[in-house]
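**Q** Quick one: the structure is below, questions incoming.
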Amino acid sequence: MKLNGNKLLITGATSGIGLAILSRFYRLGNEIIAVGRDKEKLSNVKDKFPEITTLEADLSNEISVAKLAQIIVSEHPNLNVLINNAGIQFNYKFGKDKADFDKIEDEIRVNFTSPLQLCFRLLPVLERQNESAIVNVSSGLGLVPKKSAPVYCGTKAGLHLFTKSLRYQLENSSIKVFEIIPPLVETPMTAGRGSGKISAEQLTNEFIKAFERNKLEVSIGKVKLLRIVQRISPKIADNILKNG
């Protein structure tokens, strides 16, 4: 994939991994559509990167996702890169707190359902381009789960397998299907969780190199080691991540 002259849509673009990817592609000379649900945060990003387009959308709401796709189809027909980055994570003692029940659907929609729906709705746009890409951001926790975040781990495992399957479907098309599989990254979502985090900029550095070389499954940082351990001894890998 080329590193400039693209038009990218990035969900979850106002902080963390999404903002780091936005910043890098912006500096490389690309058009950016930044998607977020917080109007003030979108405005702040727009102030910093005045040439980008910002769109407000709540990925936990099916109607909002449909409206977002409709805007892209009608107003941005030259979109050639979709980056599904937005994600949320809740910790549960499953079934113990009734208040947690209402979190389940939102977490599944943001992490799994909405990325799939955006892929489905925007494929006709991407197929019209000479070179295009879908980039799904999953997680090392989609390969080996931890006990405190069962819904998050389940959604990321689902996104991992969906991405691989979609790649098979599109392997003879102009659309390349990438997956970023991060370790623990220093973002607002991971504040107060775990240690040994890498920065979103470090992740972006690794991804950019893989993107340019068309390396479609991009294990970042410690995930490379995790996958080796998982192949040798799944039980050891499980024990490493279980209480993470």
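The values are calculated or read from the model by the stated rules, or taken from the named source; none is laboratory data. Keep in mind the model is a prediction, meaning the values are calculated, not measured. Cβ: placed from backbone, ideal geometry, glycine included. Neighbour counts: every protein chain shown. Each accessible area value is taken on the protein alone, full model and side chains, heavy atoms only, with ligands, DNA and RNA left out. Shrake-Rupley method; radii C 1.70, N 1.55, O 1.52, S 1.80 Å.
**Q** Being part of a helix (DSSP H, G or I) and surrounded by 15 or more Cβ atoms within 10 Å (Cβ to Cβ) is the requirement here; does residue 161 meet it?
**A** Answer is no for this residue.
**Q** Inspect all residues belonging to the stretch 112-124 and state whether any of them is among the charged types (D, E, K, R) and at pLDDT 95 or above.
**A** Taking every residue of the stretch 112-124 in turn, at least one turns out to be among the charged types (D, E, K, R) and at pLDDT 95 or above.
**Q** While we're looking at this one, here's another question. Being under 23 Å from residue 7 (Cα atoms), modelled with pLDDT of 95 or more and assigned to a helix (DSSP H, G or I): is that true of residue 155 here?
**A** no
**Q** Tell me, which residue of the stretch 88-136 that is hydroxyl-bearing (Ser, Thr, Tyr) and under 19 Å from residue 162 (Cα atoms) is farthest from the chain's Cα centre (by Cα)?
**A** Of everything passing the filter in the stretch 88-136, 132 is farthest from the chain's Cα centre (by Cα).
**Q** For residue 8, state whether it is in contact with an Asp or Glu (Cβ under 8 Å, 6 or more places away or on another chain), open to solvent by less than 20 Å² (accessible area, probe 1.4 Å), among the hydrophobic types (A, V, I, L, M, F, W, C) and at pLDDT 95 or above.
**A** When the stated conditions are applied, residue 8 passes them.
**Q** Another question, then. For residues that are over 18 Å from residue 122 (Cα atoms) and either open to solvent by 100 Å² or more (accessible area, probe 1.4 Å) or not hydrophobic (A, V, I, L, M, F, W, C) (or both), tally how many sit in the stretch 39-58.
**A** Count: 10.
**Q** Quick one: which of 2, 46 is assigned to a helix (DSSP H, G or I), over 30 Å from residue 243 (Cβ atoms) and among the charged types (D, E, K, R)?
**A** 46
**Q** Being of a type outside the set (Gly, Ala, Ser), modelled with pLDDT of 95 or more, open to solvent by less than 60 Å² (accessible area, probe 1.4 Å) and under 23 Å from residue 185 (Cα atoms), is that true of even one residue in the stretch 59-66?
**A** Yes, there is a match, as at least one residue in the stretch 59-66 is of a type outside the set (Gly, Ala, Ser), modelled with pLDDT of 95 or more, open to solvent by less than 60 Å² (accessible area, probe 1.4 Å) and under 23 Å from residue 185 (Cα atoms).
**Q** Answer with yes or no whether residue 232 is crowded, with 20+ Cβ neighbours inside 10 Å and without any contact (Cβ under 8 Å) to a residue 60 or more places away in the chain.
**A** Answer is no for this residue.
**Q** Any residue in the stretch 108-120 that's more than 11 Å from residue 62 (Cβ to Cβ) and of a type in the set (Val, Ile, Thr): show its pairings with residues that are at pLDDT 95 or above and crowded, with 24+ Cβ neighbours inside 10 Å at Cβ separation under 7 Å, as long as the two are six or more apart or on different chains.
**A** The qualifying pairs are 108/155; 110/59; 110/86; 110/87.
**Q** Say whether the condition of being open to solvent by less than 10 Å² (accessible area, probe 1.4 Å) and closer than 20 Å to residue 201 by Cα is met by at least one residue in the stretch 71-78.
**A** no
**Q** So residue 33 clears everything in (1) open to solvent by less than 10 Å² (accessible area, probe 1.4 Å); (2) assigned to a helix (DSSP H, G or I); (3) farther than 26 Å from residue 183 by Cβ except one condition, right? Which one?
**A** Checking residue 33 against (1) open to solvent by less than 10 Å² (accessible area, probe 1.4 Å); (2) assigned to a helix (DSSP H, G or I); (3) farther than 26 Å from residue 183 by Cβ, the one that fails is (2).
**Q** What are the pairs with Cβ atoms under 6 angstrom where one residue, in the stretch 141-153, is closer than 12 Å to residue 181 by Cα and the other, located anywhere, is of a type in the set (D, E, K, R) and open to solvent by less than 20 Å² (accessible area, probe 1.4 Å)? Sequence gap at least six, or different chains.
**A** Once the first residue is closer than 12 Å to residue 181 by Cα and sits in the stretch 141-153, its partners that are of a type in the set (D, E, K, R) and open to solvent by less than 20 Å² (accessible area, probe 1.4 Å) give 141/156; 142/156.
**Q** Give just the number: which of (1) open to solvent by 10 Å² or more (accessible area, probe 1.4 Å); (2) closer than 16 Å to residue 159 by Cβ does residue 118 not satisfy?
**A** That leaves (1) as the condition not met.
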